[in-house]
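Q: Quick one: the structure is below, questions incoming.
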Amino acid sequence: MMLRISFILTAFCCLITANMLHAEPKLVPDISQSKVEIRSSFSGTELLLFGAIINKDIERHDKIDVVVILRGPDQSIIIREKQKVGGIWINAASQEYLSVPSYYSIASSAPLEKIVDRKTALIYELGINRLQLSPGGIIDQNANQRFVDGLADLLQRKSIYAERQSEVQITDNVLYRARLYLPSNVPVGTYIAETLLLSNGEVIAANDKVRVEIKKVGFEALITKLAEQYSLFYGLLAVFISLFLGWIAGRIFQK
């Protein structure tokens, strides 16, 4: 009886060991700051996203790449196209999009076109030109592409959207790290940091459990709260302050 139990335990241990040796890779990510506070002196900051790759079967995945994405909360937005009429620029056509990331930054260990196939890139929205913005209503494909390209260009010039290819560093196929920049005009909200492990153009592991909370504090938080929750009072206060400052300036110049 004891011999039988011993045989079963030995077989069970061998089975567990075999499963561990051939287990799929797992990502264990972390971030340098889980909270970012925006004050009057805030001029931007840099986040370090790092982590480890464990249970990696080297024989099956001898060449790996890592992609890191930091994405802000989605928002609806209306894009208006400017058109010159009679020498004056006016708003012409417009289009609403329902799910536009308020912030999007992606970094990869190599150029995306070399490490991921087109289908996978579309599924995981890898790259600014592959974001699925969900247009509101029916729109012509050419017009949609024109609006999307214009929005992407605008947000990239504001550093709200960014692509940093070949900037993820991988050490011994185990450790990885990437630096992503948050500009001074970064939107507030809860951000999601997603890490993808790729091999032969396919995603073999993913983790999106890292969160970053970006919020305004101090006087900036008070102004934001007044503008959002007490808009009438905020408007009247702004008018009063403008009139008061104008009166003060007038008195000074009279003297």
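Q: For residues in region 72-86 being assigned to a loop (DSSP other than H, G, I, E, B) and modelled with pLDDT of 90 or more, which is surrounded by the most Cβ atoms within 10 Å (Cβ to Cβ)?
A: Gly72
Q: Here's another thing I want to ask about it. So is Tyr161 among the aromatic types (Phe, Trp, Tyr), open to solvent by less than 70 Å² (accessible area, probe 1.4 Å), within 18 Å of Val68 (Cβ to Cβ) and at pLDDT 90 or above or not?
A: In short, yes.
Q: In contact with a Gly (Cβ under 9 Å, 6 or more places away or on another chain), among the hydrophobic types (A, V, I, L, M, F, W, C), part of a strand (DSSP E or B) and within 24 Å of Ser32 (Cβ to Cβ): which single residue out of Ile53, Ile69, Ile106 fits that description?
A: Ile106
The values are calculated or read from the model by the stated rules, or taken from the named source; none is laboratory data. Small disclaimer: the values here were computed from a predicted structure and weren't measured. As a convention, Cβ positions derive from the backbone with ideal geometry for all residues, glycine included, and neighbour counts pool all protein chains shown. Protein only, heavy atoms only, side chains kept; ligands, DNA and RNA dropped before computing areas. Shrake-Rupley method; radii C 1.70, N 1.55, O 1.52, S 1.80 Å.
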